[in-house]
Structure formats: C-alpha cells, structure tokens
Amino acid sequence: MPKTLEKARKAIAKKRGGAIEALHAKSRDSRRLHKAQVRDDRLEKMSEARRKRDQPLITRIAFFQEATRENENKPLELPAIQKKIAEFCHQHDEEYHEMKKARRQGRAPSTKEDLLRMKMEALHKEERDGFYLPDLTDEKTTAMLDRWDGNWAFLTNLTWIKIQASGRSAPASFPPQTN
C-alpha cells in the first residue's frame, strides 16, 4: 500500500504546526500533496496490473499444490504429472461447450466465450510445447509446495521445469519468460 500521501501530509502538518486546514490551490504544499496522491494512484494501478498478470500462475500452482496434497506430499511420477496437466488444461472444456450450446445458431460468440477459447488454446499449446510447473518429481519441492501460502516471493525457492507432451522435461527458471 503506497504511503507517499500520508508522509507528505504528515510533513506538511508538522511544518504548519498541526492539522492542515486550508491550503491555497497553487501553493507548494498543495502541489506536493497532489503529486504524492498521483504517485500513490500510479503505484496502486501498477500493483493491481501485476497481481492480475500473476493470477493465472498462482491459480496453476494452487492446483498442483492440491494435487501433491492428494498424493500425501509425496513426489509424483511423470505419467501422474502428465495426467494432472491434462486435467488442468481441460478444466474449462465443459464450460466452453455449455456456452457454445447455449448460443443461438448463427450468432457470433460472446466476448466471454472468445476469451475462454483463447485461454484454452493457450493452455493446449503450452501443454504440447512444454508445460511450466514446479518440479513435482522432487521431494524437496513437493515439501516446499505444501508450505506455500500464496506468497509470490516464496515461489523463487521452488525448482521449476517444463514438461512436454512427449514426456521430456527440461529445467526452467522463475518467473517464466513471456514473449
């Protein structure tokens, strides 16, 4: 939470010997407060955009965290991991087919349906080319994944891999590189 405005307000109040009651519209202090408010708004907007961008990865990690908990926090074998990857990639299929069925014949797809289709296509492409996830074959990583509480900074401690549909796995780095 940005605190520039609070700090500026406190400094101005201290300088004026108490509460800020009236400021001239073009005074230095009012410009300082305005500048601090704009900075706080900009930082909040950037923070929200970062959270929105990181949310799909957080959702993915939570899914695989639950998968390891179902396996009693033991490392998973590659076929089991591929099955979970397929389950994750096909989780929206039913919803998409219901939306498609509910749409009248000859009508254009809704924006929500288009977004869901694009999301599904991206997941299927990633599943084929190399799915990015924590290394669930490593005991240390599964133990750390169990302790994960949703904090982004904690994810750098995990070992990451990309698993292709053919079964090959390659080490990867965190955070994932976007094109």
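Mind putting a number on the dipole of the chain about its Cα centre? Charges go on the C-beta only, +1 for Lys and Arg and -1 for Asp and Glu, and I need it in Debye to the nearest 20. Don't jump to the answer; show the numbers that get you there.
On the way: 38 positive and 28 negative charges, 361 e Å.
Roughly 1740 debye, rounded to the nearest 20.
Between the stretch 140-179 and the stretch 16-89, what is the separation of their alpha carbon centroids in Å?
19
Rank PRO2, ALA67, SER30 by how far each Cα sits towards the positive end of the charge dipole of the chain (+1 on Lys, Arg Cβ; -1 on Asp, Glu Cβ) and give me just the farthest.
The residue sitting farthest along the positive end of the dipole is SER30.
Out of (1) 70, 53, 29; (2) 43, 38, 35; (3) 57, 47, 30, which label holds the value of Cα extents along the principal axes in Å that was computed here?
Correct label, based on the coordinates given: (1).
Remind me, relative contact order of the chain in percent, using alpha carbon pairs under 8 angstrom and six or more residues apart? Can you show the working numbers first?
Values: 150 pairs, mean separation 33.4, N = 179.
Relative contact order comes out at 19 percent.
Can you give me the pair-distance distribution of the stretch 63-141, C-alpha pairs, 5 Å bins, whole percents?
3, 13, 22, 17, 14, 12, 8, 6, 3, 2, 0
Would you mind working out the accessible area per residue for the chain, using a 1.4 Å probe, and quoting it in Å²? If you can, show how the numbers build up before the last one.
Numbers: 12710 Å² over 179 residues.
Per-residue accessible area for the chain comes out at 71 Å².
Where a Cα-Cα gap under 16 Å defines reach, which lysines qualify for LYS112, not counting those fewer than 8 residues away within the same chain?
In chain and number order, the partners are LYS100, LYS101.
Report the net charge of residues surrounding SER47, where surrounding means a beta-carbon distance below 14 angstrom and charges are Lys +1, Arg +1, Asp -1, Glu -1.
With Lys, Arg at +1 and Asp, Glu at -1, the net is +3.
With the full set of protein chains in place, find how many percent of the accessible area of the stretch 50-179 is carbon and sulfur; take the probe as 1.4 Å. Let's see the in-between values first.
Details: 4250 of 8550 Å².
Within the stretch 50-179, the accessible surface is 50 percent carbon and sulfur.
Can you give the local net charge around MET120? Use residues other than it whose beta-carbon is closer than 13 angstrom to its beta-carbon, Lys and Arg +1, Asp and Glu -1. If you can, show how the numbers build up before the last one.
Values: positive: LYS100, LYS112, ARG117, LYS119, LYS125, ARG128; negative: ASP93, GLU94, GLU95, GLU113, ASP114, GLU121, GLU126, GLU127.
Charge balance near MET120 sits at -2.
Mind scanning LYS119/LYS140; LYS84/LYS125; LYS83/LYS125; LYS14/LYS35 and naming the pairs with a C-alpha gap bigger than 20 Å? Walk me through the intermediate numbers first.
Details: LYS119/LYS140 31 Å; LYS84/LYS125 16 Å; LYS83/LYS125 16 Å; LYS14/LYS35 18 Å.
Result: LYS119/LYS140 exceed 20 Å.
Given the options ALA172, ALA80, GLY18, identify the residue whose Cα lies farthest towards the positive end of the charge dipole of the chain (+1 on Cβ of Lys, Arg; -1 on Cβ of Asp, Glu).
Positive-most Cα among the choices belongs to GLY18.
The values are calculated or read from the model by the stated rules, or taken from the named source; none is laboratory data. If you're wondering where the values come from, they're calculated on a predicted model, not measured in any experiment. Every residue, glycine as well, gets a Cβ built from its backbone with ideal geometry; the counts of neighbours run over all protein chains shown. Accessible surface is based on the protein model in full, side chains and every heavy atom, while ligands, DNA and RNA are left aside. Shrake-Rupley method; radii C 1.70, N 1.55, O 1.52, S 1.80 Å.
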